[in-house]
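For reference, the structure is listed below as structure tokens.
The values are calculated or read from the model by the stated rules, or taken from the named source; none is laboratory data. In this text the structure is predicted, and so the values were computed from the model without any measurement. Cβ: placed from backbone, ideal geometry, glycine included. Neighbour counts: every protein chain shown. The area values use the complete protein model at the heavy-atom level, side chains included, leaving out ligands, DNA and RNA. Shrake-Rupley method; radii C 1.70, N 1.55, O 1.52, S 1.80 Å.
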Amino acid sequence: MTPVKIALISATPLAIAPATAAVSAAVPSSTIWNLLDDRLLADLKQQGEMTGPLAARMDILIESALAGGADGVLLTCSQYGVRADHRDPATDGVAVISADGPLFEDVVALAPASVLLVASLESAAADSTARLDAAFAAAGAVTSIRSVVVPMAANPLPSAELAAHLAAAISEVTEAYDVVVLAQYSLAPAAEELRTHIAVPVLDGPSVAASRLRDAIEGSRR
């Protein structure tokens, strides 16, 4: 693939490294451009819902990326992903991908009877559970979604320590599950380590989204 500029739009610095690593692996020729509003999550928590002004702030970041010549845009924050999901790629010819839209599609494709969703924030767990449940409903599938929240994982941690905290929390879940879903980009650095200890698939958003973004860019250049 010829050189491309990919904009990553983040609401927390913790999401930048996992997203950068995934995109760089999927699209080695890419130049990464980071746009960050590190008050988006705090303000969303304070407001309690996605208000018009909050949505507009994310939309402005998306438009800035497009105006700056991005060949692809990835929103790394799951709670703001809806701002990408409602865009029409035909409008500007550039793929704008939500943090976990592709992830949820892959989870639904596995047709699991039960999903264990892992998050570091209650708000992220609730938001991701609701949207994943909607994805299953849209596919006409019925699936049990259980969430586990690991507050320690909200802090900046080395990947091994992050994986240890997540593994410990997952080990306490006694009910059966068919797939583990890491609900936030900040948890993705633990994915590979978790896969060595957990018998079921462990899916993370960055790797799936980066592959989808690569395919979209390649498709637009044919």
Subject >> Criterion: at pLDDT below 95 and open to solvent by less than 20 Å² (accessible area, probe 1.4 Å) - qualifying residue of A190, A183, A154, A163 >> reply: A183
**OP:** Please work out which residue is nearest to A126 (Cα to Cα), limiting yourself to the stretch 62-93 and to residues that are open to solvent by 10 Å² or more (accessible area, probe 1.4 Å), touching a helix residue (DSSP H, G or I) at 6+ places or on another chain (Cβ under 9 Å) and without any contact (Cβ under 8 Å) to a residue 60 or more places away in the chain.
**Re:** V82
**OP:** Determine whether D106 is assigned to a helix (DSSP H, G or I), closer than 19 Å to A183 by Cβ and among the acidic types (D, E).
**Re:** yes
Original post:
Which members of the stretch 1-29 meet the condition of being farther than 11 Å from T76 by Cβ, in contact with a Leu (Cβ under 9 Å, 6 or more places away or on another chain) and assigned to a strand (DSSP E or B)?
Top reply: I6
Subject >> Filtered residues of the stretch 101-124 (kept if open to solvent by less than 10 Å² (accessible area, probe 1.4 Å) and either touching a Lys or Arg at 6+ places or on another chain (Cβ under 6 Å) or at pLDDT below 90 (or both)) >> reply: P102, L116, A124
